[in-house]
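**Student:** What follows is a single structure, and I will ask about it in a moment.
No value in this document is a laboratory result; all are computed from the given coordinates. Note that the structure is predicted; figures quoted are calculated from it, not measured. Using ideal geometry, Cβ is built from the backbone for each residue, glycine included, and neighbour counts are taken over all protein chains shown.
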Amino acid sequence: MEGNILEPAKYKRIVLKLSGESLAGDQGFGINPTVVEDIAKQIKKIREHGVDVAIVVGGGNIWRGLAGSAKGMDRATADYMGMMATVMNALALQDALEKLDVDTRVQTAIEMRQVAEPYIRRKAIRHMEKGRVVIFGAGTGNPYFSTDTTAALRAAEIEADVILMAKKGTDGIYDSDPNKNANAKKFDSLTYIEILNKGLHVMDTTATSLCMDNKIPLLVFNIDDHENIFRAALGEEIGTTVGGEE
């Protein structure tokens, strides 16, 4: 991909949605520093093209609120624990980026000033205008909302051109689980209303509706090859594109 270094990027401002599992690598849990460093290198390449980068990271590699709730834990408490997990991932990613000389700021929806800034929309935009990568931690700050919804909300707030949704184990959106059904059909493009009508589990319905209402395009692609992050940001036709129009 080094030969593409001078190619113009398709987008001016992106929100990259990373699952917590993507930071765990093959070990499946926790944070794998080698994997995080490799992802950070791709983000650096995107920044070198002048693209504003905001990142929303999940926490499923450390804790899943829904899993805790299913085992009897209070749902709100379980979700707040999940928000803490996303902050741990955000700090790990920040550390990896800054070791590559990429200026980075973590903003959290729950205040924890000793380790991160509180989320302030105008400040986040200003950071990106100055060339800094902004990582949004702690979800929306509210239980019962997923980090997919966070990505949709933050993308609308900062007026991002697209949400790049990196998925492990799948290279786009299918009509059924390709890991269970060998005849699963992959979609090259969809609309949000089709996702809702077909009951496709791309993101939760709150996030899907938020993207649809605000006409935010979505690109779902495979992160098993970390270079796909760079390819997606440059606008290569990989994965599945979801239109921003109703």
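**Student:** Just grab the label-to-label distance for Lys10 and Lys130, each label 7 Å out from Cα along the Cβ direction, in nm (one decimal).
**Tutor:** 3.1
**Student:** Ranking Asp171, Asp52, Asp26 by Cβ neighbours within 10 Å, fewest first, what do you get?
**Tutor:** Working: Asp171 18, Asp52 25, Asp26 7.
Starting with the residue having the fewest Cβ neighbours, the order is Asp26, Asp171, Asp52.
**Student:** Aspartates and glutamates within cross-link reach of Lys198: Cα-Cα under 13 Å, excluding same-chain residues under 8 positions apart?
**Tutor:** Correct list for Lys198: Asp175.
**Student:** So, one more: Please report the spacing between the Cα centers of the stretch 87-160 and the stretch 204-246 in Å, no decimals.
**Tutor:** 19
**Student:** By how many nm would the segment from Gln27 to Arg122 lengthen if fully extended, with 0.36 nm per residue of separation less the alpha-carbon distance? All intermediate terms of the calculation are to be shown ahead of the outcome.
**Tutor:** Details: separation 95, 0.36 × 95 = 34.20 nm, distance 3.77 nm.
Extra length available between Gln27 and Arg122 comes to 30.4 nm.
**Student:** Still on this structure: Label His201 and Glu48 with points 7 Å out from Cα along Cα→Cβ: what is the distance between them in nm?
**Tutor:** Those two pseudo-labels are separated by 3.9 nm.
**Student:** Hey, fewest Cβ within 10 Å first, where do Tyr119, Tyr192, Tyr80 land in order? Write out the running numbers ahead of the final one.
**Tutor:** On the way: Tyr119 22, Tyr192 25, Tyr80 18.
Going from least to most buried by this count: Tyr80, Tyr119, Tyr192.
**Student:** Quick test of the membrane-span-like rule: which DSSP H helices of the chain reach at least 30 Å along their long axis (C-alpha atoms) with mean Kyte hydropathy at least -0.5? If you can, show how the numbers build up before the last one.
**Tutor:** Numbers: long enough: 75-99 (37 Å, 0.20).
Membrane-span-like by this rule: 75-99.
**Student:** Just add up the charged neighbours of Pro33: K/R +1, D/E -1, any other residue whose Cβ is under 11 Å from the Cβ of Pro33. Mind dumping the intermediate values first?
**Tutor:** Working: positive: Lys99; negative: Glu37, Asp38, Asp95.
With Lys, Arg at +1 and Asp, Glu at -1, the neighbours total -2.
**Student:** So how do Lys123, Lys45, Lys71 line up by other beta-carbon neighbours within 10 Å, fewest first? Don't skip to the end; give the middle numbers.
**Tutor:** On the way: Lys123 14, Lys45 20, Lys71 8.
In order of increasing Cβ crowding within 10 Å: Lys71, Lys123, Lys45.
**Student:** Also: Net charge within 10 Å of Ala184 by Cβ-Cβ distance, Lys/Arg positive one each and Asp/Glu negative one each, not counting Ala184 itself? If you can, show how the numbers build up before the last one.
**Tutor:** Working: positive: Lys180, Lys185, Lys186; negative: Asp175, Asp177.
Neighbourhood net charge equals +1.
**Student:** Pull out a ≥ b ≥ c, the square roots of the eigenvalues of the alpha-carbon gyration tensor of the chain, then state rounded if a/c is under 1.5, prolate if not and a/b is larger than b/c, and oblate in the remaining case.
**Tutor:** Values: a/c = 1.31, a/b = 1.03, b/c = 1.28.
Rounded shape, in that the Cα axes give a/c under 1.5.
**Student:** Next question. Give me the extension gain from Ile193 to Glu111: residue separation times 0.36 nm, minus the current Cα-Cα distance, reported in nm with one decimal.
**Tutor:** Numbers: separation 82, 0.36 × 82 = 29.52 nm, distance 3.55 nm.
Gain on stretching Ile193 to Glu111: 26.0 nm.
**Student:** Could I ask something else about it? Please work out whether the stretch 121-246 counts as rounded, prolate or oblate from its C-alpha gyration tensor, where a ≥ b ≥ c are the square roots of the eigenvalues and a/c under 1.5 means rounded, while otherwise a/b larger than b/c means prolate and anything else oblate? Display every interim value, and only then the final one.
**Tutor:** Values: a/c = 1.83, a/b = 1.44, b/c = 1.27.
In terms of gyration-tensor shape, prolate.
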